[in-house]
Structures are given as C-alpha cells and as structure tokens.
Amino acid sequence: MADPIHENQTVGDALAQGVERRRGPGSAWAEALRELGALDRAVYEAVAVTATPHLDGAFRRLSVAANYSRLWLGMSAAMATLGGRQGRQVALEGVLAIGATSATVNLGIKPLARRRRPDRADSSTHAARFVPMPESTSFPSGHSASAFAFAYTVGRHYPALAVPIRLLSSAVAYSRVHTGVHYPGDAVLGSVVGAGTAAMVAGAWDRRHRSS
C-alpha cells in the first residue's frame, strides 16, 4: 500500500515509496512513478498560469454544475421522465453507479490517500477561475469519478450518446484542474475509478436481470 500523500508530495512519490519498500531503493518502477508525479505537478502549474479568459467562466460554471453530481442526477431525471422504460432503467443504473463510486472515493480512497489540495495562490491560478476550495482531500477527484461512472452507464446503453457524454465528462474532469482544486492526476485516476466502479455495477445489474 502507498503511503499517505503529504503536503507538497505527489501521488507518484507516495506510490514510489510503497514500491521501494517491496523492491528496494532504485527500482525502475519507483523512478517512473516519481517522474509521473513531477509531470502531474508541472501540468497543474502550466494550466494555472496559462491565461484563458474566454474559457474561465464556462469551466467554472461547469465545475459548479457538477457539484454533488447535480448535472448527472438532472440528466437521470430527464431520462426517467422522457425515455420510457429503458430510460428509467438506465437512470436507475446510472444513479447506482454514481452512488457506488462516491462511496468508493469518499469512504475508501480519500481517507487512505489524504492528499492535500493544491495551493492556488502558490501556483498563481487566475482568480477568475475560482470555485470554493473543497474541505475534502484531493485524491482522487470525486467530480471526475462520478462523471465517468455516469458516462460509462449511459454509453453502454445508448451508443450514439457515448462520445458526447464522454466529452462532457472529460470537460468536467478538466474543469477541476482548470479551477485549481485538483491536480491532473487526481482527475485522471478519479476517472478510471469511476469507469471501473460503473463497470462492476453494470456486471451486477446484468446478472440480476438475467436471473429475473
């Protein structure tokens, strides 16, 4: 298991420490993880200082819209209302996927990782992008996880919507980096956790419906 992610430590550093305990100092895997961690911080800082005044408002509003999964729950309500029987089933599966993902992230991973949030002032993030800094720990991004959990569910039932919903989910994940509240690694791995959890929910859903 990786060590808790302390202040000014990257995800890669924490994972590298765990690898070195098992493989010994100088492990190629540990060095690769440290390089990924350095890249994580470098990308965050590059995004922070890049001026994008025409995009700041849009990403700020998108990030806020996804708070507490409101964006995805609203879409679920629309599917349940307008999509007939299939729409109701997909909406229910999507909500279950979001719930399972939120529990995995907030009750499982975040308390173990304990990565501190980025320091927006230190990174010179443009104030026009600011959303309230969450009090929870940083790794992984819950917004990204829920977004990709919902996208996985919708995409598997409505193939024509797979690309648009994944693009929207990607925009939500990026918005958390753009607004300065997450490192890129938080968003990327949160997305993986969300899609993976949704896949497990989908498997359980399919088994239940085959047996009924």
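The values are calculated or read from the model by the stated rules, or taken from the named source; none is laboratory data. Please read these numbers as outputs of a predicted model, since none were measured by experiment. All Cβ positions, glycine included, derive from the backbone under ideal geometry; neighbour counts span all protein chains shown.
Please work out if residue 203 is more than 24 Å from residue 53 (Cβ to Cβ) and surrounded by fewer than 14 Cβ atoms within 10 Å (Cβ to Cβ). Judged against the criteria, residue 203 is a match. Does residue 175 meet the test of being surrounded by 24 or more Cβ atoms within 10 Å (Cβ to Cβ), modelled with pLDDT of 95 or more and of a type in the set (S, T, N, Q)? Yes, satisfied.
The set of residues in the range 120-163 that are more than 13 Å from residue 195 (Cα to Cα), among the basic types (Lys, Arg) and surrounded by fewer than 22 Cβ atoms within 10 Å (Cβ to Cβ) contains only 120. Taken over the range 126-147, the criterion of being within 23 Å of residue 57 (Cβ to Cβ), part of a loop (DSSP other than H, G, I, E, B) and touching a residue at least 12 places away in the same chain (Cβ under 8 Å) is satisfied by 126, 130, 131, 133, 134, 141. The residues on offer are 123, 69, and the sole one that is part of a loop (DSSP other than H, G, I, E, B) and either polar (S, T, N, Q) or touching a residue at least 24 places away in the same chain (Cβ under 8 Å) (or both) is 123.
If only residues of the range 97-119 that are touching a residue at least 40 places away in the same chain (Cβ under 8 Å), of a type outside the set (Gly, Ala, Ser) and outside any loop (DSSP other than H, G, I, E, B) are counted, the one that is surrounded by the fewest Cβ atoms within 10 Å (Cβ to Cβ) is 112. Only one of (1) within 27 Å of residue 158 (Cα to Cα); (2) modelled with pLDDT under 95; (3) of a type in the set (Ser, Thr, Tyr) fails for residue 125. Which number is that? Residue 125 satisfies all of (1) within 27 Å of residue 158 (Cα to Cα); (2) modelled with pLDDT under 95; (3) of a type in the set (Ser, Thr, Tyr) except (1).
Every residue, every condition in (1) of a type in the set (A, V, I, L, M, F, W, C); (2) in contact with a helix residue (DSSP H, G or I) (Cβ under 8 Å, 6 or more places away or on another chain), yes or no:
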{"residue": "144", "(1), (2)": "no, yes"}
{"residue": "175", "(1), (2)": "no, yes"}
{"residue": "193", "(1), (2)": "yes, yes"}
{"residue": "197", "(1), (2)": "no, yes"}
{"residue": "200", "(1), (2)": "yes, yes"}
{"residue": "206", "(1), (2)": "no, no"}
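The condition of being basic (Lys, Arg) and in contact with a helix residue (DSSP H, G or I) (Cβ under 8 Å, 6 or more places away or on another chain) holds for residue 156. Just one of the listed residues (94, 37, 83) is in contact with a helix residue (DSSP H, G or I) (Cβ under 8 Å, 6 or more places away or on another chain), more than 29 Å from residue 13 (Cα to Cα) and surrounded by 17 or more Cβ atoms within 10 Å (Cβ to Cβ), and it is 94.
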